[in-house]
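Written out below as structure tokens is the structure these notes cover.
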Amino acid sequence: MRYEIGRNVILTISLIATIAALAFLKYDFPHGAAQFTVWADFIAHKGAMAGQISERDIGYPLLLVLTGYPWTHSFIGITLLNAAFSIAIPVLAYAIVGSELPAIAFGVAIATILSAAPFIFLKMIHHDQAYLFFTVLALYFGVTFLRQGALCWIYFMTLAALAATLTRPTGNLFIILALGFVFMVDRKRWPHYVVCALLSIGVIGGYSVYRHSIGLDKPEDIYTGRQIFFNPYANARDFGVHIGPETGPATAQLISALKEGIEKNPINSPFYLNWARVHEISPELSQKYFGDSSVDDLLVRVFSHPHYDAFELMCLYIPDDRMFRQAAIEIMMRHPLYIMQYTIRNLLVFFGTEGYMHPRYSGEDAGLVQTLTYSDTVWGQLADVAPGVDELKQDPFSLSLVSDKLNLRARLFFLWRKIALLLFELSLPLAFFGILGAPFTSRGIWIACWFSALIALYNAAIACAFADPSSRYHYSILVEQFICAGIGIHVLLQSATHAARRFLAGYLAAAR
């Protein structure tokens, strides 16, 4: 198949898959999504700024503004833009592998489509879809620049990388990663890299000034300290780390502030109940996990059995983000190997399984639990597809529990799920071969492989160091993983062909 024909086929299949996803998926408005719409309304109308939106960057709210949300309060515009991203991602994956390996490129693009990575966040009001698109777009521009040398591509890459950097907090260092890689591969164009770096500093600096001007740097609004604190807190019991007043003065102050906040606004007060409603915690669960004890007993439970909702409870009652940051630093200083331990554990879990996360409503339980399906998101899409979905959650690999109740849409869903999981499991060892063997291929191929691997490792490391190794974050690395896996297949075929030729040559020589 010619490269151009393959590209058109991928474009057609991607278009059909996107239309199917638009029809199948429901809108998902997860906790925190309102922060994006508040951002967008503020940008458009200069209205009141709500607190704690600083954990979100401005990129996705700008997309909401560009698609008309502040005036229409409709998500149709952003959905159509997400659909364009969905169509483009497999085509970009095809082009990144390139015309040198058209069959491999075609396979990578098909795997990308079958994984549903381009489509799973299509109707989710969150930054995931935009971040995935901008990272893949930056990868495409960067690879094209290093292959062809035309200077326009390095500037396009910089703009795409900046868009990714400003779209998701985990991408805040992405522009450094992208420019750093192209510099290491081709240092001769360094004056242009300097221009791109200055452009990046100007954009990010201007954004920082803007955030400060609208009051997002206040201690009660920033979120950096909370994000740094989450994993040292949530993983403590798994690694035998005790967090208490003896950890340090900042931690003691954090605990004291939590106690003072609960005493001022007790569990079941309107202040707490409003938070519980937003976080979908029922009154029964509130009473069981947070209200059925004295304040001192609750504090002991929060720090002896850490879990997600207990962390959110601290965020509710402790407005000063600096307390979290200082407490996190104290934990790191007191247990210097601890951060590396849980990050490495999370990375192994992230790459080796469907994903794990700290559970909600966990009460006395602690530690990571395996996610029930390949995606944390897709179970929500089944609500009106098949009865018995709650039973299936207990055994997602089996259809026997409710096989008589499943309709065609549900069966197709589970067929996709098994295919996606198989692709994920097979692509990882193949990607490993691709990364190791890429230097023995052509320049264009190893550039695509190593740049993809660097982006995948960056996104995985950031997620595992500052969040949970959840299956949701797999989608931010799947395209790059499939690219490396495709090149891994090429390396294995190349090696097998070379070995077969040597064997045949030796055999014929011996026969003579």
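Under 5 Å between amide hydrogens, which residues at least 5 positions from TYR356 or on another chain qualify, with H placed 1.01 Å from N in the peptide plane?
Under 5 Å from the amide H of TYR356: THR371, SER470, SER471.
Determine how many Å³ per residue the convex hull of the Cα atoms of the range 208-265 encloses.
Value for the range 208-265: 112 Å³ per residue.
Which GluC sites (Glu not before Pro) in the range 229-285 pass both tests, a DSSP loop state and at most 11 other beta-carbon atoms within 10 Å?
GLU280
Taking the chain, how many lysine pairs are there with alpha carbons less than 23 Å apart, if each pair must be eight or more places apart or span two chains?
14
For the range 281-356, what does the alpha-carbon gyration tensor say about shape, rounded, prolate or oblate, given a ≥ b ≥ c as the root eigenvalues, a/c under 1.5 as rounded, and a/b over b/c as prolate?
oblate
Tally Lys/Arg at +1 and Asp/Glu at -1 over every other residue whose Cβ is under 13 Å from the Cβ of VAL278; what's the total?
Combined, the nearby Lys, Arg, Asp and Glu give -2.
For the chain, which whole-number percentage of the solvent-accessible area (1.4 Å probe, protein heavy atoms only) is attributable to carbon and sulfur atoms?
The C+S portion of the solvent-accessible surface of the chain is 66 percent.
I'd like the accessible area for HIS45, computed on protein heavy atoms only with a 1.4 Å probe and all protein chains in place. Round to 10 Å², please.
Here the residue's solvent-accessible area equals roughly 100 Å².
Pop the C-beta distance of ASN265 and ALA34 into the FRET formula with R0 = 35 Å and round what comes out to the nearest 0.05.
E between ASN265 and ALA34, to the nearest 0.05, is 0.95.
For the range 473-512, what class follows from the C-alpha gyration tensor (a ≥ b ≥ c being the square roots of its eigenvalues): rounded when a/c is under 1.5, otherwise prolate if a/b is larger than b/c, else oblate?
prolate
By accessible area of protein heavy atoms, probe 1.4 Å, what ranking do LEU179, LEU80, LEU258 get, highest first?
Solvent-accessible surface, decreasing: LEU80, LEU179, LEU258.
Please go through the range 258-346 and write out the trypsin sites (Lys or Arg not before Pro) that DSSP classes as loop and that have at most 13 other C-beta atoms within 10 Å.
none
How big is the convex hull of the Cα atoms of the chain, per residue, in Å³?
Value for the chain: 191 Å³ per residue.
Between the range 89-140 and the range 19-38, how far is it from one alpha carbon centroid to the other, in angstrom?
20 Å
Once each part is reduced to its C-alpha centroid, what is the distance from the range 180-196 to the range 449-486 in angstrom?
Computed from Cα coordinates, the inter-centre distance equals 24 Å.
Heavy atoms only, probe 1.4 angstrom, no DNA, RNA or ligands counted: give me MET184, MET1 ranked by accessible area, highest first.
The ordering from most to least exposed comes out as MET1, MET184.
On each of the three principal axes of the Cα atoms of the range 206-318, give max minus min coordinate, whole Å, ordered largest first.
Taking the Cα atoms of the range 206-318, the three principal extents are 48, 34, 23 Å.
Report the accessible area of GLU55, computed with a 1.4 Å probe over the heavy atoms of all protein chains in place, in Å² rounded to the nearest 10.
Approximately 40 Å² of GLU55 is accessible to the 1.4 Å probe.
To one decimal place, what orientation-averaged projected area in nm² is obtained for the convex hull of the Cα set of the range 56-166?
Dividing the Cα hull surface by four gives the mean projection, 7.1 nm².
Let's test this: bin the Cα-Cα distances of the range 93-138 at 10 Å from zero up to the farthest pair and state each bin's percent.
27, 46, 23, 4
Can you work out the Karplus-derived ³J(HN,Hα) for every residue in the range 299-312? Use 6.51 cos²θ - 1.76 cosθ + 1.60 with θ = phi - 60°, whole Hz, and x for glycine or proline.
Residue by residue, the range 299-312 yields 4, 4, 5, 4, 9, 8, 10, x, 7, 4, 5, 5, 4, 5 Hz.
Among ALA276, ALA161, TRP71, whose Cα projects farthest towards the positive end of the dipole of the chain, with charges put on the beta-carbon of Lys, Arg (+1) and Asp, Glu (-1)?
Highest projection toward the positive end goes to ALA161.
Mind listing the phi-derived Karplus ³J(HN,Hα) values for the range 249-262, rounded to whole Hz, using 6.51, -1.76 and 1.60 with θ = phi - 60°, and x for any glycine or proline?
Each residue's phi maps through the Karplus curve to give x, 5, 5, 4, 5, 4, 5, 4, 5, 5, 4, 4, x, 5 Hz.
For the chain, report the accessible area per residue in Å² (1.4 Å probe, heavy atoms, rounded to an integer).
About 44 Å² of surface per residue is accessible.
Binned at 5 Å from 0, what are the whole-percent values of the Cα-Cα distance distribution for the range 1-136, short to long?
Distribution as computed: 2, 11, 19, 19, 15, 12, 9, 7, 4, 2, 1, 0 percent.
So what is the 222 nm mean residue ellipticity for the chain from helices alone, if each DSSP H run of at least 4 adds -39500 (n - 2.57) and you divide by all residues, rounding to the nearest 500 deg cm²/dmol?
-21500 deg cm²/dmol
Using each residue's phi in the range 190-196, evaluate 6.51 cos²θ - 1.76 cosθ + 1.60 at θ = phi - 60° and report the 3J(HN,Hα) Karplus result to the nearest Hz, with x for Gly and Pro.
Result, rounded to whole Hz: 4, x, 6, 5, 5, 4, 5.
For MET124, what residues show an amide H to amide H distance below 5 Å, using hydrogens built from the backbone and excluding near sequence neighbours?
ASP28
Which of the three applies to the range 53-100, rounded, prolate or oblate, going by the alpha-carbon gyration tensor with a ≥ b ≥ c and a/c under 1.5 meaning rounded?
Oblate shape, in that a/c is at least 1.5 and b/c is the bigger or equal ratio.
The values are calculated or read from the model by the stated rules, or taken from the named source; none is laboratory data. Keep in mind that this is a model prediction, so the values were computed, not measured. Ideal geometry is used to build each Cβ from the backbone, glycine not excepted, and the neighbour counts take in all protein chains shown. With ligands, DNA and RNA removed, areas are computed over all heavy atoms of the protein, side chains included. Shrake-Rupley method; radii C 1.70, N 1.55, O 1.52, S 1.80 Å.
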